[in-house]
Structures are given as C-alpha cells and as structure tokens.
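Just below is one structure, and these are the notes that go with it.
The values are calculated or read from the model by the stated rules, or taken from the named source; none is laboratory data. Not measured: the values here are computed from a predicted model. Here the Cβ positions follow ideal geometry from the backbone for every residue, glycine too, while neighbour counts run over all protein chains shown.
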Amino acid sequence: MDEGKPLFVQIAEMVEDQIVDGTLREEEKAPSTNELAAFSRINPATAAKGVNMLVDKGILYKRRGIGMFVSPGAREAVLSERRSAFAASYIAPLIAEARKLGLSPDDVAQLINEHSTTTSTS
C-alpha cells in the first residue's frame, strides 16, 4: 500500500488497475467490499468508501442483491482520466522545464525517443 494516499483511494485505484489491465471486464462482477477488505487487511468500511468512490464516478454499478459490477465504458473512462492526470503531472511540467532550457518540441521529442530506446533495451 502507498503510504501517501488514503486507503480508500488505494482500493479504488486497485480496482481501476484491474479494469485497465483486463482482469475485470465490463459487466463482470467486481470484488465485494469484504473481499477487498480481507485482501488488503483493512476495515470493510474503508473498502466500501473506495467502492462507493467508483460508483460515484460511474466505474461500478450495483445490482441489488447480487453485488457490484463493472460499468459499460468503465475501462475507457479510467484510461481517459489517467491520461489527463498523466498530462497534468508529467507533460505540463516537462513542457515548462523544456521552455526554460530553450528546447523546442522537436528537441523534446528527440530526447524522449532517445531515452525510450535506451531504457527499452536495458
């Protein structure tokens, strides 16, 4: 678990990770609050808060008496949200620093390409 984030957020992200990587597919039953709590060794109320966060975002929905299920379009919604967060966390600061250094977009692209080829072969 990540010490810097609230546990309920970590639970929500764990479920989202399973949706993104295909472990949980759309219209599939999601793990129950009790299963998530037992797996993560946390209070079920904390796990429920993470699940409810996903319900509020439209990632999961409840089938009365059966459990939580992955919503149609959930994978694309999570990917879209994470792409936006990636851009805000990494791309915007990268562009700001590149401007300070006098690097053009082509210079930055070249650096990224050079770096990706050296790290993918290591």
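Per-structure values
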read-out: Count of residues meeting criterion [under 22 Å from ALA85 (Cα atoms) and of a type in the set (Lys, Arg)] in segment 52-71; value: 1
read-out: Residue pairs meeting the criteria (Cβ under 6 Å; at least 6 apart or on separate chains; first in contact (Cβ under 8 Å) with a residue 40 or more places away in the chain, in segment 51-67; second surrounded by fewer than 19 Cβ atoms within 10 Å (Cβ to Cβ) and in a strand (DSSP E or B)); value: none
read-out: Helices (runs of 4 or more DSSP H) fully within segment 1-97 counting 3 or more residues that are in contact with a strand residue (DSSP E or B) (Cβ under 8 Å, 6 or more places away or on another chain); value: 44-56
read-out: Qualifying position, being among the charged types (D, E, K, R) and either touching a Ser or Thr at 6+ places or on another chain (Cβ under 6 Å) or on the phi > 0 side of the Ramachandran plot (or both), among ARG41, ARG82; value: ARG41
read-out: Top-ranked residue in segment 17-49 [being of a type in the set (Lys, Arg) and over 17 Å from the mean Cα position of the chain (by Cα); ranked as modelled with the highest pLDDT]; value: LYS29
read-out: Counted residues, segment 98-116 - those being exposed (fewer than 10 other Cβ atoms within 10 Å of the Cβ) and part of a helix (DSSP H, G or I); value: 4
read-out: Residues of segment 20-51 classified as within 18 Å of GLU81 (Cβ to Cβ) and in contact with a Leu (Cβ under 9 Å, 6 or more places away or on another chain), total; value: 4
read-out: Conditions (1) in contact with a helix residue (DSSP H, G or I) (Cβ under 7 Å, 6 or more places away or on another chain); (2) touching a residue at least 40 places away in the same chain (Cβ under 8 Å): number failed by GLU27; value: (1)
